[in-house]
1. Just reorder 85, 288, 193, 111 by solvent-accessible area, largest first, 1.4 Å probe, all chains present.
2. Going highest first, how would you order 457-470, 41-54 by mean Cβ packing within 10 Å?
3. Sticking with the crude label model, points 7 Å out along Cα→Cβ, report the distance from residue 54 to residue 509 in nm, one decimal please.
4. Enumerate the calculated ³J(HN,Hα) couplings along segment 23-30 in order (Karplus 6.51 cos²θ - 1.76 cosθ + 1.60, θ = phi - 60°), each rounded to whole Hz, writing x wherever the residue is Gly or Pro.
5. Placing unit charges on C-beta atoms (Lys and Arg positive, Asp and Glu negative, everything else neutral), compute the dipole magnitude of the chain about its Cα centre in debye, rounded to 20.
6. Past 32 Å, Cα to Cα, is the threshold; run 20/99; 127/459; 275/502 against it and keep the listed order.
7. Could you tell me the relative contact order of segment 232-357? Use alpha-carbon pairs under 8 Å, at least six residues apart, and round to a whole percent.
8. Once you have the Cα-Cα distance between residue 521 and residue 258, take 0.36 nm times their residue separation minus that, and quote the gain in nm to one decimal.
Amino acid sequence: MSKKEILPFEQWPYHVPNIKSTVKKVTAIAEELEKAPDGPSALKAFRKHSRLFDGVINDITHVQVLFSLDSLNPKYQKDNDALDEGMPLLQSADIRFQKAMLESPHRAFLEQKLGTHLFTQYEYALKSFDERIIEEAVEENKLSSEYGMKIASFKIPFRGEEYNLPQMGKFLQDRDRETRKEASAAFYGFLSEHADELEQIYDKLVHVRDRMAKKLGYENYIPLAYLRMSRFDYSKEDVQGYREQINEAVTPLAGKILKAQFKRTGIPLGDTAEKIEKAKKMYDEMSEDTSYFFRFMADHHVLDLEARPGKQSGGYMTYFPTYGIPFIFSNFNGTSGDVDVLTHEFGHSFQAYVARKISVPEYRSPTMDGAEIDSMSMEFFAHPWMNLFFDKPDRYRFIHLADSISFLPYGVTVDHFQEWVYEHPDATPDERDAFWHELELKYTPYKVACYRGCEYMQKGRRWLLQGHIFSSPFYYIDYTLAQVMAFQFFNLDRKNHALAWKRYIKLCAMGGKYPFRTLVVRAGMKDPFAPGVIKKTIRPLSKVLASYDIEH
């Protein structure tokens, strides 16, 4: 990768892919593969397919990024709408290619060259999509985009100004109690007025996904979701047992953390530009690779970090395969969360950098559960440098670790909620809200008492702001699995940094060559589904929390 080869992001050529033309090209490659006289010819067709999709995915990603940066822009709305309609057609066309790979008389040769896991991925893809559900897939895409635009369009009046949802975060976490109270009333009062709109979008999404599943022969959406999320080596039953381990081992500790009533983290030092400079110093000192790559990203303007009107909420990393470079999207709002998201999304980006030379596109990135290990672990590898960002770094370290522990019960709440929703697709919005509240009483009872005086939260509507529930169903358990793995790296890092970093690099470099549980074991870590692993992983963290000097 050379800086001379790639221009800054704003100078990249913008192309909306021609889906019809691409479909024809995919079909032609599938025919070439079907007629391949020998293994090398079949492999040549596969490589041609990979090059084609790298280019198309690059253009698709460009459209999606610009739309997320300015979702109220009519041009980007139009281009994104075109993709919402076209992507299922492209996915349908690619089925023929995947079938040709699976049914090729030269499959043994291809598996020898490409690995067997690629064919498992194709088998899952064929089980999760075919042309019968194109109409539903288009509708699902449009509804997901509608939710994103709706959230981005929200403007909350507060003290004579208007703020979008991420921008309100700085007031909700302000040191002044009256400011927090006033901001909370404005924030949740506004959401209460618009909750029904969000409920309606979700109701439509649930029903369209239920139709998709039943058209494909599944009892409900859950097995289809597991296929779409590429859950190669664990089942719904494994996840149910894992949720109970979290409830048993983590919920009591999370309750104690809340009762401790620790002091606030404080505001990170400096504006966005200054935070980037501090991050450069941190990554310069962390390793030669992190130094080079973070500076490369900053120099090429692939860090869009600040919240602003029209920008979608949340944060993400995405990847441009043509350039071999990631893009980080976030919504800085002047809180400690700015540092969280910067280190988190750079962890994703760093994995993409480490694995960039993998020639099989399907192997460059792990499945979501594995990918989140890379990001969440980076948050903890960054701990020694928090003195650059905060005048009281131990407070940040305490809060970050405490919040990460407390996240686990919330994360399994989201997963359990979705499982119930898709088992009961005809439940009313009120019934969904009531079940969410029931789960809060089970997994996060210590939080429920904090909802007094907030009708929105008391009604069980907290989930309406969790975008993954709308756009990436069943994704959220991946965060919790990765959090447990990040704690393992954190525990090891405090004992032997060199070994922890070596295993982290190994994990990043493997990309998605193996399924989640195999990746974990190959990296030298413990399978979070195994009995007792969660309890063993969490136990040392109480002592770490106690070791931080949060009074000074």
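The values are calculated or read from the model by the stated rules, or taken from the named source; none is laboratory data. Predicted model, so just to flag it, every value in this text is computed and none were measured. Heads up, the Cβs are rebuilt from the backbone with ideal geometry, glycines too, and the neighbour counts pull from every protein chain shown. Ligands, DNA and RNA are excluded from the accessible area calculation, which covers all protein heavy atoms including side chains. Shrake-Rupley method; radii C 1.70, N 1.55, O 1.52, S 1.80 Å.
1. On the way: 85 95, 288 160, 193 140, 111 50 Å².
Highest to lowest solvent-accessible surface, that is 288, 193, 85, 111.
2. Details: 457-470: 19.8, 41-54: 17.6.
Highest-to-lowest ranking by the protection proxy: 457-470, 41-54.
3. 2.1
4. Result, ordered by residue: 4, 4, 5, 5, 4, 5, 5, 4 Hz.
5. That gives the chain a dipole magnitude of about 1600 debye.
6. 127/459
7. 21
8. Numbers: separation 263, 0.36 × 263 = 94.68 nm, distance 3.33 nm.
Net length gain for the segment: 91.3 nm.
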